[in-house]
1. Output the number of the condition that Thr72 fails; it satisfies all remaining conditions of (1) polar (S, T, N, Q); (2) within 23 Å of the chain's Cα centre (by Cα); (3) over 30 Å from Asp140 (Cα atoms).
2. What tally of residues in the range 20-36 results from selecting those that are farther than 16 Å from Ile234 by Cα and without any contact (Cβ under 8 Å) to a residue 40 or more places away in the chain?
3. When the range 121-139 is examined, which residues are found to be assigned to a strand (DSSP E or B) and either closer than 24 Å to Met186 by Cβ or over 35 Å from the mean Cα position of the chain (by Cα) (or both)?
4. Determine whether the range 196-212 contains at least one residue that is surrounded by 13 or more Cβ atoms within 10 Å (Cβ to Cβ), part of a loop (DSSP other than H, G, I, E, B), on the phi < 0 side of the Ramachandran plot and modelled with pLDDT of 90 or more.
5. Anything in the range 169-183 that is outside any strand (DSSP E or B) and either at pLDDT 90 or above or among the charged types (D, E, K, R) (or both)? List them, or say none.
Amino acid sequence: MTDQEFILNKEEHGAYQYVSLKEVIDNMLLEGFDDDSYLKNTSRYRLLQYAKQGIRKLTRNVASDILAFEITVPDNLVVVLPREYVNWVRVSIVVVDPVTNGNMLQPLNENRNIQTAIGYLQDHKGDILFDNKGMILKSDSSNAYANGYKRYKVSDIGSCGPGRFIDTSKVSKYGEFVIDERKGVMLFSSDLMDKEVVIEYVSDGLQGKLTDEEITIHKDLQETLENWIYYSCIERRRNVPANEKQRALLRYKTTLHDAKIDRLNLKLYEISRHF
């Protein structure tokens, strides 16, 4: 591929930093062809299983890949989280910088007091109602799904305003949100309706993809992942000596430590700027 072809092909941008899971598995299978290899006769399915476990571990402990998307908060104030979502990093509103007149991000506050509990239906005596299968009937009665969370602006708070009884220490300047992980959604306060927000989050590294070619891992983590796969494959094998298992574990931990340092991406010139 020429430089021109690379620049014009957006799918190739940034791809050199990553290797596919298929390439990692192929390397491990190739190693298993040696007659004296402890990976001999290890199935591709088993290697793939341990590889995915390793990717999850490395993504959680080492990788610093942050995914993000921008969306307009709809009228119901509910945004569905991506299927590969694991945990949020930052939620921000897009505002205009008064100095540069460009767009910038202002973080929102998480408010766990926003009501997301599901209501149990009851009769006039207060007894819980069940369906014909004996399951409790549920509904969105007084939660934020049925009644959007009303939030007062800072300017509304005064001795005579509607927010005169609000604890000002808990007031957010730009807006608030809460995450309902069971339903896989994020709920926003009423003042964010029709506003642009950016949600930054982390995944488990697999990102809901189906094929080995689509699942990728950074090259800084490739050796560590291969060491994890090797150790996982021999850990419970009775024909593998204990000293080989210990050596494999030590090699994995060593490369894991090195990978953590590499992914910190420390720059000496940036450190020197603070002195």
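1. Just one mismatch for Thr72, condition (3).
2. Adding up the residues that qualify gives 3.
3. Our first condition is that a residue be assigned to a strand (DSSP E or B); within the range 121-139, this holds for 122, 128, 130, 136, 138-139.
Gln122, Ile128, Phe130, Lys138, Ser139 - these are the residues of the range 121-139 that are assigned to a strand (DSSP E or B) and either closer than 24 Å to Met186 by Cβ or over 35 Å from the mean Cα position of the chain (by Cα) (or both).
4. Within the range 196-212 (the criterion being surrounded by 13 or more Cβ atoms within 10 Å (Cβ to Cβ), part of a loop (DSSP other than H, G, I, E, B), on the phi < 0 side of the Ramachandran plot and modelled with pLDDT of 90 or more), the answer is no, since none of the residues qualifies.
5. Lys170, Lys173, Glu181, Arg182, Lys183
Residue-by-condition table, conditions (1) modelled with pLDDT under 90; (2) farther than 30 Å from Asn147 by Cα:
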| position | (1), (2) |
| --- | --- |
| Gln17 | yes, yes |
| Asp35 | yes, yes |
| Asn41 | yes, yes |
| Tyr45 | no, yes |
| Leu48 | no, yes |
| Gln53 | no, yes |
| Ile71 | no, no |
| Pro74 | no, no |
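The values are calculated or read from the model by the stated rules, or taken from the named source; none is laboratory data. This is a predicted model, so every value here is computed, not measured. Methodologically, a virtual Cβ is constructed for each residue, glycine included, from the backbone with ideal geometry; neighbour enumeration extends over all protein chains shown.
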